[in-house]
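The values are calculated or read from the model by the stated rules, or taken from the named source; none is laboratory data. The model shown is predicted, which means the values in this text are computed figures rather than measured ones. Note that each Cβ is placed from the backbone with ideal geometry, even for glycine, and that neighbours are counted across all protein chains shown.
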Amino acid sequence: MQGRSRVNTPDSSKRVRKTGKQQAILDAAISVFLEVGYESASMELVAERAATVRRTVYNHFANKEDLFHAVVQEIWRDMPVIMVNDDPLARKDPDYGLRVIANMIVDFWLPQRSVEFLRMVISESRRFPYLAASFIEVGKLPALHGLIDYIELMVAEGHMKGMDTELAARQFVGLINEPLLWYRVIDNSRGPSAKVIQNTVDAAIEMFLARHATSPDFSAQAH
């Protein structure tokens, strides 16, 4: 299968990022959570890692749970799926739009930090159920809803058939994450090669459009 070349994702550098002490605290908290886990992390340790005092951390975040919630928002900010709907080419070409989204998913999970954070959430959510709830509600669901919105747009534009858009969105994400992410969560493997990523993205788009596109021209572009 000869896939189309990788397309650029929307420029996240134009979005406003936190600066100063709050950003330093968030960066320190991510480091601490990954190093010692949620249960062993403390506001004191975060303050020490951020080169500040505990009172400053509490001035920004009420408690450790509030800090974790902010960390999840920080980690998920680089998944701007919703921005695809504003791309004129993505509105006309579902192959292009899905490729942008697939590349966002790949790029989000490719850094080892993202995988390690997910592993930490899974391992500690049995003792602290709100970790998983926060991870899903603050990060995963908004990103998923962005994909759902795009699929609904494609249906409205006549490029895709009517369907259960939430189910379809979850299935598309699964086509990407099953071969590229979950084995890394389980056995701590290194990230996949560029060739494996390309083949996975091409196959996911081909299968999805073969099932849902209204025109064979769109699914043919994925070959």
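Considering only residues that are free of Cβ contacts under 8 Å to residues at least 24 places away in the same chain and part of a helix (DSSP H, G or I), which ones fall in region 36-55? Hits for region 36-55 are V36, S40, E44, L45, V46, A47, E48, R49, R54, R55.
Screening F128 with (1) closer than 21 Å to R113 by Cα; (2) at pLDDT below 95; (3) not acidic (D, E) gives one miss only, at (2). Do we have R126 as of a type in the set (K, R) and part of a helix (DSSP H, G or I) here? Judged against the criteria, R126 is not a match.
Determine whether M104 is in contact (Cβ under 8 Å) with a residue 60 or more places away in the chain, under 21 Å from L209 (Cβ atoms) and in contact with a His (Cβ under 6 Å, 6 or more places away or on another chain). So M104 does not fit the description; no. Where helices (runs of 4 or more DSSP H) fall wholly inside region 56-122, the ranges with 3 or more residues that are buried (at least 18 other Cβ atoms within 10 Å of the Cβ) are 64-76, 94-109. One residue stands out in region 30-49 among those that are among the β-branched types (V, I, T) and crowded, with 16+ Cβ neighbours inside 10 Å: the one that is farthest from R113 (Cα to Cα), namely V46. Annotation note: Cβ proximity below 7 Å between a residue of region 178-194 that is closer than 16 Å to M104 by Cβ and a residue that is at pLDDT below 90 and hydroxyl-bearing (S, T, Y) (sequence gap 6+ or interchain) occurs for no pair.
Only one of the numbered conditions (1) under 21 Å from V100 (Cβ atoms); (2) more than 17 Å from the chain's Cα centre (by Cα) is not met by S125, and that is (1).
When the helices (runs of 4 or more DSSP H) confined to region 143-223 are screened for residues that are at pLDDT 90 or above and surrounded by fewer than 18 Cβ atoms within 10 Å (Cβ to Cβ), those reaching at least 1 such residues are found at 165-180, 182-187, 194-212. In region 76-111, which residues are at pLDDT below 90 and not acidic (D, E)? Within region 76-111, W76, R77, M79, P80, V81, I82, M83, V84, N85 meet the criteria. Take the conditions out of contact with any Leu (no Cβ under 9 Å at 6 or more places or on another chain), modelled with pLDDT of 90 or more and more than 28 Å from V185 (Cα to Cα) and apply them to Y58. Does it pass? It is true that Y58 is out of contact with any Leu (no Cβ under 9 Å at 6 or more places or on another chain), modelled with pLDDT of 90 or more and more than 28 Å from V185 (Cα to Cα).
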